[in-house]
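Participant: Just dropping this structure here.
Read-outs throughout are calculated quantities, based only on the coordinates presented, and are distinct from any laboratory measurement. Bear in mind that the values here come from a model prediction, so they are computed numbers and not experimental data. Methodologically, a virtual Cβ is constructed for each residue, glycine included, from the backbone with ideal geometry; neighbour enumeration extends over all protein chains shown.
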Amino acid sequence: MESLKDLQNPSPEYSSSSTLLSFLDKDVTRLIPRPLPGTKQIPVSYNGAQPNTKSLINRLKVNKGGKMVEHLTIYTQNIWFSPSDQEERFGEIVKFIEEFLPDFVCLQECIAQFTALLLKSEKIVRTYHISQNSGNWYTVQILSKWPCHITKLSFSPHTMMARSLLLASTVINRTPVTVSTTHFESSDGKEGYTARCKQMEIAFSALKEHENVLIMGDFNFDAVRGKEEEARDKSFVDLFDCKSGTTLDFTYIPRRDRLDRMLLRGRDWEATGHYFLVGTEPIPKYSGMSIYEGNIVRSLSDHLGIISVIKFKGTI
């Protein structure tokens, strides 16, 4: 895979049935780690309809040890809640998801307008389980092709911004897989630093029992210059460090900081080196122009997104 286009997934076969199936029977859920005592993880419901019957049956067969998958594609994006070019920017993010159909999509700064746009997309609604956008006026969301349990772990009282960790746990190729996303505190100075360090401690502690786990999102500190990096759990591999080829070394466009991360700790899954940034071109309105000039962002967000691929270590 030498370019982003190589990651395109075929469109799923749709069924006209609107029947909603229950997901992850007892044979599968027994492999998913339970929340640690005291972590206060709460269940998160799905937003709107679940994927169609045929899609669910096929994925449950994979969950239960039938057909195996070799790769998983994951996309993380801070969508930027700003009203600046919001309609066109949000539309471009939705189009990107529709075109590439990653297995998991993790989103930060989600607001009601964006969620409404997601739910207007027939392709997205029929392809993904979409976590409920609740608990804050802007928040994090997960879209999963795989039937999964979704829970939220609040960082309270160590947040002034209602920040949390969202986890989607499932079983793929008979192995437990957890995909999680967060948006660590945005405050500057000592207060922000202290909050982010505590939030990382809570998040990584909650994930320590998960054997195959990704955590991604807007960490709100630079991966190289941020002192918070010392508090990060180093058992997780930064997929940026595994990339093949060259790419930009920043994700936050205005300051050219690498705030957005995708980290993996895997017993059964590993990095492939396929790591691409999303949003390096301007939205159509600004075609041919720079993505940032004079404090004006012309990309689909003020953060570049990340899309990467992990592969199964076992025999397919």
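Participant: Using alpha-carbon positions, what is the distance between the centroids of region 290-316 and region 124-199, in Å?
Facilitator: 18 Å
Participant: Separate question: Tell me whether region 197-278 comes out rounded, prolate or oblate; compute the Cα gyration tensor, take square roots of the eigenvalues as a ≥ b ≥ c, and use a/c under 1.5 as the rounded threshold.
Facilitator: It comes out oblate by the Cα gyration axes.
Participant: Count charges around F312 for me, please; just the other residues with Cβ under 9 Å from its Cβ, Lys/Arg as +1, Asp/Glu as -1.
Facilitator: Around F312, the charge tally is -1.
Participant: Mind giving me the nanometre distance, one decimal, between the label points for V69 and V237, set 7 Å out from Cα along Cα→Cβ?
Facilitator: About 1.9 nm, to one decimal.
Participant: If you don't mind, another one. Kindly put D268, D260, D188, D249 in sequence by how many other C-beta atoms sit within 10 Å of each C-beta, fewest to most.
Facilitator: D188, D249, D268, D260
Participant: Turning to a different aspect of this structure: Over 24 Å between C-alpha atoms is what I'm after, so list which of K198/K313; K243/K313; K243/K285; K190/K243; K95/K285 land there.
Facilitator: Check vs 24 Å cut-off fails for K198/K313; K243/K285; K190/K243.
Participant: Would you work out if region 33-312 is rounded, prolate or oblate? Take a ≥ b ≥ c from the square roots of the eigenvalues of the alpha-carbon gyration tensor; rounded if a/c is under 1.5, else prolate when a/b is larger than b/c, oblate otherwise.
Facilitator: Here region 33-312 falls in the rounded category.
Participant: Further, regarding this structure: Give me the net charge of H303's neighbourhood, meaning all other residues with Cβ under 9 Å from the Cβ of H303; Lys, Arg count +1, Asp, Glu -1.
Facilitator: -4
Participant: Still on this structure, I have one more. Residue-wise, which Karplus ³J(HN,Hα) couplings in Hz belong to region 292-306, taking 6.51 cos²θ - 1.76 cosθ + 1.60, θ = phi - 60°, and x for glycine or proline?
Facilitator: Per-residue couplings from phi come out as 8, 6, x, 6, 10, 8, 10, 8, 6, 6, 7, 10, 6, x, 10 Hz.
Participant: Now for a different question. Taking the number of other C-beta atoms within 10 Å as the exposure measure, put E270, E70 in order starting with the fewest.
Facilitator: Exposure proxy ranking, most exposed first: E70, E270.
Participant: Under a crude label model (7 Å from the Cα following the beta-carbon direction), how far is R255 from S82 in nanometres?
Facilitator: Each label point is offset 7 Å from its Cα along the Cβ direction, giving 1.4 nm.
Participant: Additional query: For a quick check: with amide H placed at 1.01 Å from N, whose amide H comes under 5 Å from F81's, ignoring anything fewer than 5 positions away on the same chain?
Facilitator: It is none; the list stays empty.
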